[in-house]
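For reference, the structure discussed in these notes is given below.
The values are calculated or read from the model by the stated rules, or taken from the named source; none is laboratory data. Just so we're clear, the structure is a prediction, and the values are computed from it rather than from any experiment. Here the Cβ positions follow ideal geometry from the backbone for every residue, glycine too, while neighbour counts run over all protein chains shown. Accessible surface areas use protein heavy atoms only, side chains included; no ligands, DNA or RNA. Shrake-Rupley method; radii C 1.70, N 1.55, O 1.52, S 1.80 Å.
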Amino acid sequence: MKSVPLTSLEKRDDAESVLLKYIPDFGTRTFLLKNLKRNTDGSFSWKMNLDTISDNIQEVGKELDYYLPIEMPILFIRGGDSGYVKDKDMDDISEIFPNAQFETINGSGHWLHADNPDQFYDLVMKFTV
């Protein structure tokens, strides 16, 4: 994403052409390009703070550092085809979040909100805190 020359983009397809060199998977590219916006002056920018994400990417996946259980209700939704949240992780998650509720969207991968947006939306909207 940092390779995309935002100042010289004329259209979104130009950004996709750059990303194609680094990200061969169409779905991943399309998902990332949802974060590209056209500004009122016609220029492009990323919706997220890409520099902060890049500067702190080493923090992603680190074990959660906590001191007390987090008692508030929390919803964990995982994709049935994703390996990110495994059955064996549930006990550890429940230790930190004793009021956790777990849902699985079968037929979805890691980006379950993109794979199955309707079911994801329904689960989130039914969850009450």
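Within the shell defined by Cβ-Cβ distances under 12 Å, the residues around Thr104 carry a net charge of -1, with Lys and Arg each +1 and Asp and Glu each -1.
Positive contributions from Lys and Arg (+1) and negative ones from Asp and Glu (-1), summed over other residues with Cβ under 11 Å from the Cβ of Lys34, come out at +4.
Taking the charge dipole of segment 1-125 about its Cα centre, with +1 at Lys and Arg Cβ atoms and -1 at Asp and Glu Cβ atoms, the residue from Gln101, Leu32, Ile77 reaching farthest to the positive side is Leu32. Among Arg38, Arg78, Arg29, the sequence by solvent-accessible area, most first, with a 1.4 Å probe is Arg38, Arg78, Arg29. Relative contact order of segment 1-84, taken over Cα pairs closer than 8 Å and 6 or more residues apart, is 20 percent.
Once you charge only the Cβ atoms, +1 for Lys and Arg and -1 for Asp and Glu, what is the size of the charge dipole of the chain about its Cα centre, to the nearest 20 debye? Mind dumping the intermediate values first?
On the way: 14 positive and 22 negative charges, 124 e Å.
I would put it at about 600 debye.
Return the label of the correct value of Cα extents along the principal axes in Å, as calculated from the structure shown, out of (i) 38, 32, 32; (ii) 42, 29, 27; (iii) 50, 32, 29. Checked against the structure: label (iii). For the chain, the solvent-accessible area of protein heavy atoms averages 72 Å² per residue (probe radius 1.4 Å; ligands and nucleic acids excluded).
Of the heavy-atom accessible surface of the chain (probe 1.4 angstrom), what whole percent is carbon and sulfur? The nonpolar share, carbon plus sulfur, comes to 53 percent.
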